[in-house]
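The values are calculated or read from the model by the stated rules, or taken from the named source; none is laboratory data. Computed from a predicted structure; not experimentally measured. Because the Cβ atoms are built from the backbone with ideal geometry, glycine has one as well, and the counts that use them run over all protein chains shown.
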Amino acid sequence: MSKAMPQILVLKTDGENAPAPEAEQIAAARTLAGPVNTVTWNHFIGEDDRLYCGIWEASPGKHKVDYTEWEFCQLIEGEAILTDENGNATHIKTGEGFIIPAGFKGTWESLTPLKKHYVILLPQEDNKD
């Protein structure tokens, strides 16, 4: 008996095999300029529900972020400024990839309509028996 070959997963927002879009609005308590409307196409969940991969888009606006997870992103469209709680700003443009480390606190500002690929790794849960 042969083992099934792993399949390549192509991330896309429409057409065959595209996941259903999940639209939401960033909570008003976190929004500094907006409203910030988002759409997520989550393509993959794995590693015991700790790994998420897909495409995310957002309208222009600014909101607070507090990362407990690790995230790799690459902008497909748009520009953003991520500013940490000490005021250090990073300007990111279309085509650039970046890593947001767990523990990052600050703001995410989408200067234009924005779309990104993402890979998120949630922290391992402590087993407290």
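The strands (runs of 3 or more DSSP E) found entirely in the stretch 78-129 that carry 1 or more residues being of a type outside the set (A, V, I, L, M) and on the phi > 0 side of the Ramachandran plot are 105-110. The C-beta contact set for the stretch 49-71 (first residue free of Cβ contacts under 8 Å to residues at least 24 places away in the same chain, second residue β-branched (Val, Ile, Thr), distance under 6 angstrom, 6+ apart or interchain) is empty. So which pairs qualify, if the first residue must be in the stretch 103-119 and in contact (Cβ under 8 Å) with a residue 24 or more places away in the chain and surrounded by fewer than 18 Cβ atoms within 10 Å (Cβ to Cβ), the second must be aromatic (Phe, Trp, Tyr) and not in a strand (DSSP E or B), the Cβ gap must be under 8 Å, and the two must be at least 6 apart or on different chains? Partner pairs satisfying both residue conditions: GLY103/TYR67; LYS105/TYR67. The condition (being surrounded by fewer than 12 Cβ atoms within 10 Å (Cβ to Cβ) and touching a Lys or Arg at 6+ places or on another chain (Cβ under 6 Å)) is satisfied by just one residue among ASP66, ASP49: ASP66. Residue pairs whose Cβ atoms lie under 7 Å apart, separated by 6 or more positions or on different chains, with the first residue in the stretch 3-26 and within 18 Å of HIS117 (Cβ to Cβ) and of a type in the set (Lys, Arg) and the second in a loop (DSSP other than H, G, I, E, B) and modelled with pLDDT of 90 or more, are LYS12/ALA18.
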